[in-house]
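**Student:** I'd like to ask you about the structure that follows.
The values are calculated or read from the model by the stated rules, or taken from the named source; none is laboratory data. From a predicted model like this one, the values you see are computed outputs, not experimental measurements. Note: ideal-geometry Cβ built from the backbone for every residue, glycine included; neighbour counts use all protein chains shown. For the accessible areas, the whole protein counts, side chains as well, though only heavy atoms, and no ligand, DNA or RNA atoms are used. Shrake-Rupley method; radii C 1.70, N 1.55, O 1.52, S 1.80 Å.
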Amino acid sequence: MTTTLIANGTVVSAEGAVAQDVLIDGERIAALLPSASSSSASSATVVADRVIDAAGKYVIPGGVDVHTHMEVPFGVTFSSDTFASGTQAAAWGGTTTIVDFAVQRKGERVLEGLEAWHAKAAGQCAIDYGFHMIVGDVTDESLSLLDRLADEGITSVKLFMAYPGVYYSDDGEILRMMQTAAANGTMVMVHAENGPAIDVLVRQALERGDTSPINHGLTRPVALEEEATFRSIKLAEVAGCPVYVVHMSAGAAVARVAEARSAGANVFGETCPQYLYLTLEDHLGAPGFEGAKWACSTPLRSRHEHHQDDLWRALRLNDLQVVSTDHCPFCFKEQKELGIGDFSKIPNGIGTVEHRMDLLYQGVVDGHISLPRWVDVACTTPARLFGLYPRKGTIAPGSDADVVVYDPSATTTLGGATHHMNIDHSAYEGIKIQGKVDTVLSRGQIVVESDQFVGSPTHGRYQPRTLSDLLL
């Protein structure tokens, strides 16, 4: 097996930053050693097949993105990143593990959906991957399968409080799923928006002739995210079940999570980079139909209501625990354009999997979060919440050698001309980042180096997951 020494860098964990060398043997981390550049020269005698000089750079765990949608259906189309293109783009951005969503829709069988996603991903991934299960049809059969899903390493299910007729679950169905999940430790994830009320607002807007993209956001108001978040928390309380609220965008909704956590509940919240950097007025409200590029759900929020400040503060205080991407890209041409004249037909989603680590690091530069917190919300806590830790999310002896060397002195300008996602535009066009991914290793194999993808497009392995180790 090949040995690799990452020398002279600063290893950053969720606990802090230490000058250390990282010794990798094959696919695993073998040891953390005093830096050869420090006063102790003990690691200078280590002989390795390959040495990566990380002087002046951070050495961090590979990113763990627990919310992606590769090749997911939306109406008559599919998200534009395949598992092949999407996982390579993730690697470029310093993410070495994704957890995607296998889908069961109304009238479909759970195991058929799971088999379809295994078929899409097998032999197509450049980095490691796992699955959550979207249950769009809560029935006696789907409830009976939770133990089998857990046995196959799928220890989380997602329910939708939005999208009636497609994925929507009513309160009774959600309660039944939560009660069943409570019995075997499965994590229930919820898309928390009041779907029936949103459908009324959408219909009224279209009847008024309000068809432009900004109405996608205006018909999904903060109050309906806050209300659904609160309702999901109370249903979980009745069921005695942990709940994880995905892609939170509104400060008022996050406050509900914070209240529940302060009371000792197993409630967790996730936000995404789009809510930290993009706004309703400047992006979704762009002239003409251009705003369709930024149609996603939950929607971007108004810059006048301090949501971004609320989200950054929640990340600092651990009221939000994870930053994922909800990566669900659609090209502007032919895909987003399906919604010309009717905003409700715009495919919902933004491409972010390549940029999450950089955008969060800019939060460190700007003083929103600390260096260890960057690693915590992007790597360690996602791995712990979703049963991947300590294989993933940490640099420690015995862990998978998923390692990113990050150069804080370099700069990155995000844009459609340079990204590697399969999408014809960038939601983050022109944003400048102080920092850049330098080298990426996945299970000991270099996959990105010197601005080149040098990995194998079939390197990634399916990762069965255990139960969360963060539940009280």
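**Student:** Can you pull out the residues in region 189-235 that are touching a Pro at 6+ places or on another chain (Cβ under 7 Å) and either at pLDDT below 95 or open to solvent by less than 30 Å² (accessible area, probe 1.4 Å) (or both)?
**Tutor:** G195, H216, G217, R220, listed by residue number.
**Student:** Could you say whether any residue in region 327-349 is in a helix (DSSP H, G or I), open to solvent by 10 Å² or more (accessible area, probe 1.4 Å) and under 24 Å from D65 (Cα atoms)?
**Tutor:** No, there is no match, as no residue in region 327-349 is in a helix (DSSP H, G or I), open to solvent by 10 Å² or more (accessible area, probe 1.4 Å) and under 24 Å from D65 (Cα atoms).
**Student:** Another question, then. Yes or no: G285 modelled with pLDDT of 95 or more, surrounded by 24 or more Cβ atoms within 10 Å (Cβ to Cβ) and over 22 Å from the mean Cα position of the chain (by Cα)?
**Tutor:** no
**Student:** Quick check on region 325-372: of everything there that is among the hydroxyl-bearing types (S, T, Y) and farther than 29 Å from L218 by Cβ, which residue is nearest to the chain's Cα centre (by Cα)?
**Tutor:** Among residues in region 325-372 that are among the hydroxyl-bearing types (S, T, Y) and farther than 29 Å from L218 by Cβ, the one nearest to the chain's Cα centre (by Cα) is Y361.
**Student:** Suppose we keep only residues that are among the β-branched types (V, I, T) and over 23 Å from I433 (Cα atoms) within region 388-414. Which one would you say is surrounded by the fewest Cβ atoms within 10 Å (Cβ to Cβ)?
**Tutor:** Only one residue fits best here, namely T394.
**Student:** Open to solvent by less than 10 Å² (accessible area, probe 1.4 Å), in contact with a Lys or Arg (Cβ under 6 Å, 6 or more places away or on another chain) and in contact (Cβ under 8 Å) with a residue 60 or more places away in the chain - does that describe any residue in region 359-381?
**Tutor:** no
Residues checked against (1) surrounded by 23 or more Cβ atoms within 10 Å (Cβ to Cβ); (2) of a type in the set (S, T, Y):
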site	(1), (2)
A36	no, no
V46	no, no
G62	yes, no
P73	no, no
S85	no, yes
A90	yes, no
G94	yes, no
Q104	yes, no
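**Student:** Right, here's the next one. For the list (1) of a type outside the set (F, W, Y); (2) within 15 Å of Y462 (Cα to Cα); (3) open to solvent by 20 Å² or more (accessible area, probe 1.4 Å), I need the number of the one condition that L111 fails.
**Tutor:** Going through the list (1) of a type outside the set (F, W, Y); (2) within 15 Å of Y462 (Cα to Cα); (3) open to solvent by 20 Å² or more (accessible area, probe 1.4 Å), L111 breaks only (2).
**Student:** Next question. Would you please name the residue that is farthest from A378 (Cα to Cα), looking only at residues in region 420-454 that are open to solvent by less than 20 Å² (accessible area, probe 1.4 Å) and assigned to a loop (DSSP other than H, G, I, E, B)?
**Tutor:** The residue in question is H425.
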